[in-house]
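**Student:** One structure is given below, represented as structure tokens, and several questions about it will come after.
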Amino acid sequence: MSEQRVLITGAAGIVGKLMRPRLIRTGRVLRLLDVQPLEPAVAGEQVEIVTASITDADAMAAACRDVDALIHLGGISREDTWERILEVNIDGTHTLLEAARAAGVPRVVLASSNHAVGFRRIGEAGPDGLPGDSAPRPDTYYGVSKAAIEALGSLYHSRFGMDVTCLRIGSCFERPTDPRQLSIWLSPDDCARLLEACLATEKPGYRVLWGVSANTRAIVSLREAEEIGYRSLDDAERFAADVPPGMVPEYIGGAFCDAPLGQPNPL
Ligand code: 15L
């Protein structure tokens, strides 16, 4: 059987770094791409390193060559000026999807975010939690860009038959650090499980789903993720005693909902 080549953008970012060791598989080559420098491959690691911006069309055309699946984690990961969000997150994703389409990449996973629906009230959907594909209610320009990324994915699926799964990622860090994250934490191991499900499921079509762990204090639905075979094995609750007490916010986006619009967020 031939090797599977998976292109991961944003590989030097928080989630990208957490995924690198977790997505290594026999028979799989990870093509890791970022504007920032990446650690070179260590012995036995089937890894190709590409230093490039997703806004560079020629570089993306080269990066998408011979790729079986694309995991797009790249871009600005928090609030910034409208110009920067537009250029990097929206235009950059368009440039990348165009390159993927031209190269015939059949399967794409797009990192969306809880901030695409940040102004949805916690609990508004009742005990089953907010569905994975609820209509966008962005909390920032960053959140708008995630809604736009989901829309671009939908367009590329409908026009070109590309399989596109958009993940509304909660808080993907080593551990939750505030009360809101106890509800929307995505453990790194669960993130890798979810990505493996996205890579393995047959004919996913176009989907939008939540990327969170099976947290005791869940506020969003795992139904759509479970439909593609995701099974969470983690729960933020085991860290609850270490999380400083505080108010659970009114909205899913938490502090993003109050952050000054269009101002680079230092967090
Ligand atoms: C995100 O979308 C950000 O990329 C990440 O840095 C966190 O802020 C996360 O959301 C969150 O809401 O915790």
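The values are calculated or read from the model by the stated rules, or taken from the named source; none is laboratory data. As the structure is a computational prediction, the values presented were derived from the model and not from experiment. Glycine gets a Cβ as well: all are built from the backbone with ideal geometry, and neighbour counts include every protein chain shown.
**Student:** Taking the conditions exactly as written (under 26 Å from ARG101 (Cβ atoms), outside any strand (DSSP E or B), at pLDDT 95 or above and hydroxyl-bearing (Ser, Thr, Tyr)), does THR55 satisfy them or not? Explain how you work it out, then say what you get.
**Tutor:** Values: under 26 Å from ARG101 (Cβ atoms): yes; outside any strand (DSSP E or B): yes; at pLDDT 95 or above: yes; hydroxyl-bearing (Ser, Thr, Tyr): yes.
Taking the combined requirement at face value, the residue satisfies it.
**Student:** Continuing with this model, one more query. Return the residues of the stretch 130-151 that are under 21 Å from ALA225 (Cβ atoms), assigned to a helix (DSSP H, G or I) and more than 13 Å from the chain's Cα centre (by Cα); say none if nothing qualifies.
**Tutor:** Of everything in the stretch 130-151, just one residue is under 21 Å from ALA225 (Cβ atoms), assigned to a helix (DSSP H, G or I) and more than 13 Å from the chain's Cα centre (by Cα), namely ALA151.
**Student:** What number goes with the only condition from (1) surrounded by fewer than 20 Cβ atoms within 10 Å (Cβ to Cβ); (2) in a strand (DSSP E or B) that ASP178 does not pass?
**Tutor:** (2)
**Student:** For the stretch 111-159, name all the residues that are away from the ligand (no atom under 12 Å from the Cβ) and among the aromatic types (Phe, Trp, Tyr).
**Tutor:** PHE119, TYR141, TYR156
**Student:** Considering (1) crowded, with 17+ Cβ neighbours inside 10 Å; (2) closer than 19 Å to ALA192 by Cβ, say which one ALA218 fails and leave the rest.
**Tutor:** Every listed condition holds for ALA218 apart from (2).
**Student:** Which residues, taken from the stretch 120-142, are among the charged types (D, E, K, R) and touching a strand residue (DSSP E or B) at 6+ places or on another chain (Cβ under 8 Å)?
**Tutor:** Initially, the stretch 120-142 is screened for residues among the charged types (D, E, K, R), giving 120-121, 124, 128, 133, 137, 139.
Within the stretch 120-142, ARG120, ARG121, GLU124, ASP133, ASP139 qualify.
**Student:** Ok, one more. Quick one: is VAL88 within 16 Å of the ligand (Cβ to nearest atom) and either among the polar types (S, T, N, Q) or touching a helix residue (DSSP H, G or I) at 6+ places or on another chain (Cβ under 9 Å) (or both)? Lay out the reasoning, then the answer.
**Tutor:** Numbers: within 16 Å of the ligand (Cβ to nearest atom): yes; either among the polar types (S, T, N, Q) or touching a helix residue (DSSP H, G or I) at 6+ places or on another chain (Cβ under 9 Å) (or both): yes.
So VAL88 fits the description; yes.
**Student:** If you don't mind, there's one more thing I want to ask. Can you tell me which of (1) within 26 Å of ASN265 (Cβ to Cβ); (2) modelled with pLDDT of 95 or more is the one GLY123 doesn't meet?
**Tutor:** Only one criterion is unmet by GLY123, namely (2).
**Student:** So, one more: Pick from the stretch 91-110 the residues that are surrounded by fewer than 20 Cβ atoms within 10 Å (Cβ to Cβ) and closer than 24 Å to GLU202 by Cβ: which of them is farthest from the ligand (Cβ to nearest atom)?
**Tutor:** Among them, the one singled out is GLY104.
**Student:** Something else about it: Failed condition for THR177, given (1) touching a strand residue (DSSP E or B) at 6+ places or on another chain (Cβ under 6 Å); (2) under 18 Å from VAL15 (Cα atoms), with all others met?
**Tutor:** Failing condition for THR177: (1).
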